[in-house]
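Novice: Can you keep this structure in mind? I'll have questions shortly.
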Protein chains: 2
Amino acid sequence: MTTPTPRSRRRRQVLSRERIVEAAVELLDTAGAGALTVRALSDRLSTGSGAIYHHVGNMGELLQAATESVVAAALPAFPAPRESATDPGAEDTGRERIRAAALGLYDAVAEHPWLAVQLAVQVTRSPWGTVTPRIFESIGECVRTLGVPRSGWFATTSTLVHYILGATSQNAQPSDTAVLRDGAQRAEFLDSASQAWKSLDADDYPFLHDIADQMRGHDDREQFLTGIDLILAGITAVGRPS
Amino acid sequence: MTTPTPRSRRRRQVLSRERIVEAAVELLDTAGAGALTVRALSDRLSTGSGAIYHHVGNMGELLQAATESVVAAALPAFPAPRESATDPGAEDTGRERIRAAALGLYDAVAEHPWLAVQLAVQVTRSPWGTVTPRIFESIGECVRTLGVPRSGWFATTSTLVHYILGATSQNAQPSDTAVLRDGAQRAEFLDSASQAWKSLDADDYPFLHDIADQMRGHDDREQFLTGIDLILAGITAVGRPS
DNA sequence: ACCTGAACACCGTTCAAGT
DNA sequence: ACCTGAACACCGTTCAAGT
């Protein structure tokens, strides 16, 4: 009849799902996607490999949980505050909040390069899990305030989400190892990429040839926002045909 | 001094890189991403597992080659015919060619669901390999004819490519197994997805709640094109501010 | 040169056994 | 209930040995 005392429940509770997910994210961040193994994880947590399975089911579920925790942290406070669509300036703040959510995801992928591939994996498993719903909700809530007719909400939100996921994953660090936040390192990478494009056959790739210099000098993050603004401009243009 | 006769060269040449890549694509298509193993591949090709490594280096290289071969087949004839940007109607044919290239990739992912994740993988390894360059070139070549100033070519092309890759991967079959081209199957999936959204907490996900019905009825492919047109409208709007 | 297939060093996952 | 860690059935890759 009596519930177990807190003391007895807490006695040997050293491991938990949260601790495991946290350790998994650390492992992914510091050593890359290939370094997350059950053995490495149980080593780091000083347990047996079987202990992991008491809390997470399997590797895929762990990867999903790791992705969800990082995505949840990257998105703005949730749920978003409701605003009346008739407020003056509501459209501008809607656009601003879309930019903020997009940048949150963009920066998360920059900090956690393994996210690039994991987002693609999780999103095709949509809509199970919270990754796709969270992202969709964050963006969709803002689209509502943009003067788009109700019938266009889903298509408009989808377009933004697809662009955001595509862009963040393409701009991710091309490394299987640890995070490199060094700007010089990024410049070096762009430089070699530019060289690679220039060395392609000019007859097969005339456009890449022309544009190789432009690509060397560009700022990923700024250009990511340029793309967002391009789509927002399209939303406005389609909503009010001239 | 004499080159080997064709006969002697051909004698035992049963295996080749091409045949291996072809078999890999078949395996991926029919049995899913998890089914591509060196053992399964050498079984299907009736050789020893070591023979594979005489032609492809390692598994990652094989996956890259499989992706490249499917992407190359999906994109329109390459390189694209040159058109003068001053032609009347050049912008319209540019837009039409962008839609064609985008649909080519979209349909390829529908036929080869494993492409969704592989595109994300290959594209972060950019610009090595031919996947990213090919896609960029196809789209960029058309962007040139759209009246975008030269300084905007790279950003505009990037926006389109990011959207295309993001959308194709999100709309891929959510299955790890064989291809299901059955329309009814897709409708069933959308139905359960819609149910899942409806069953989310209405306070945390008000937008998804509102929109669940819209998402059940939608046509992926049509909506994919709607997104393309939204971005094209943005390109026009930004190029000619009112 | 091309191929064979056993061997090696891993991997995720399970499960009897402990506390 | 929670954890241990050996065992199992895989995996990619290598390499001496064959033709």
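Novice: Could you check the range B:114-128 and list, in sequence order, the residues that are under 20 Å from B:Leu28 (Cα atoms) and either aliphatic (A, V, I, L, M) or modelled with pLDDT under 95 (or both)?
Specialist: Correct list: B:Leu115, B:Ala116, B:Val117, B:Leu119, B:Ala120, B:Val121, B:Gln122, B:Val123.
Novice: Would it be correct to say that A:Gly104 is modelled with pLDDT of 95 or more and surrounded by fewer than 22 Cβ atoms within 10 Å (Cβ to Cβ)?
Specialist: In short, yes.
Novice: Inside the range B:117-135, can you point out the residues that are hydrophobic (A, V, I, L, M, F, W, C), part of a helix (DSSP H, G or I) and either surrounded by fewer than 24 Cβ atoms within 10 Å (Cβ to Cβ) or more than 7 Å from chain A (Cβ to nearest Cβ) (or both)?
Specialist: The answer is B:Val117, B:Leu119, B:Val121, B:Val131, B:Ile135.
Novice: Could you please give the count of residues in the range A:44-66 that are more than 14 Å from DNA strand D (Cβ to nearest atom) and either within 14 Å of another protein chain (Cβ to nearest Cβ) or under 10 Å from A:Leu15 (Cα atoms) (or both)?
Specialist: Of the residues in that region, 3 qualify.
Novice: Being among the small types (Gly, Ala, Ser) and more than 9 Å from chain A (Cβ to nearest Cβ) is the filter here; which residues of the range B:191-242 pass it?
Specialist: Of everything in the range B:191-242, those that are among the small types (Gly, Ala, Ser) and more than 9 Å from chain A (Cβ to nearest Cβ) turn out to be B:Ser199, B:Ala202, B:Ala212, B:Gly217, B:Gly239.
Novice: Among the residues of the range A:22-43, is there at least one that is part of a loop (DSSP other than H, G, I, E, B), within 11 Å of DNA strand C (Cβ to nearest atom) and either within 14 Å of chain B (Cβ to nearest Cβ) or at pLDDT 95 or above (or both)?
Specialist: So far as the range A:22-43 goes, yes, one or more of its residues are part of a loop (DSSP other than H, G, I, E, B), within 11 Å of DNA strand C (Cβ to nearest atom) and either within 14 Å of chain B (Cβ to nearest Cβ) or at pLDDT 95 or above (or both).
Novice: Out of A:Gly166, A:Gly152, report the one residue that is at pLDDT 95 or above, assigned to a helix (DSSP H, G or I) and either in contact with a His (Cβ under 7 Å, 6 or more places away or on another chain) or within 7 Å of another protein chain (Cβ to nearest Cβ) (or both).
Specialist: Exactly one residue qualifies, and that residue is A:Gly166.
Novice: So which residues in the range A:57-79 are within 8 Å of DNA strand C (Cβ to nearest atom), in a helix (DSSP H, G or I) and either surrounded by 17 or more Cβ atoms within 10 Å (Cβ to Cβ) or small (Gly, Ala, Ser) (or both)?
Specialist: Selection gives A:Gly60, A:Leu62.
Novice: Moving on to the next point. Does B:Glu18 meet the test of being more than 15 Å from DNA strand C (Cβ to nearest atom), surrounded by fewer than 18 Cβ atoms within 10 Å (Cβ to Cβ) and within 26 Å of the chain's Cα centre (by Cα)?
Specialist: no
Novice: Another question, then. Would you pick out the residues in the range A:24-43 that are among the charged types (D, E, K, R) and more than 12 Å from DNA strand D (Cβ to nearest atom)?
Specialist: Within the range A:24-43, A:Glu26, A:Asp29 meet the criteria.
The values are calculated or read from the model by the stated rules, or taken from the named source; none is laboratory data. Model, not experiment: these values are computed from the prediction. Every residue, glycine among them, receives a Cβ derived from its backbone with ideal geometry; neighbour counts consider all protein chains shown.
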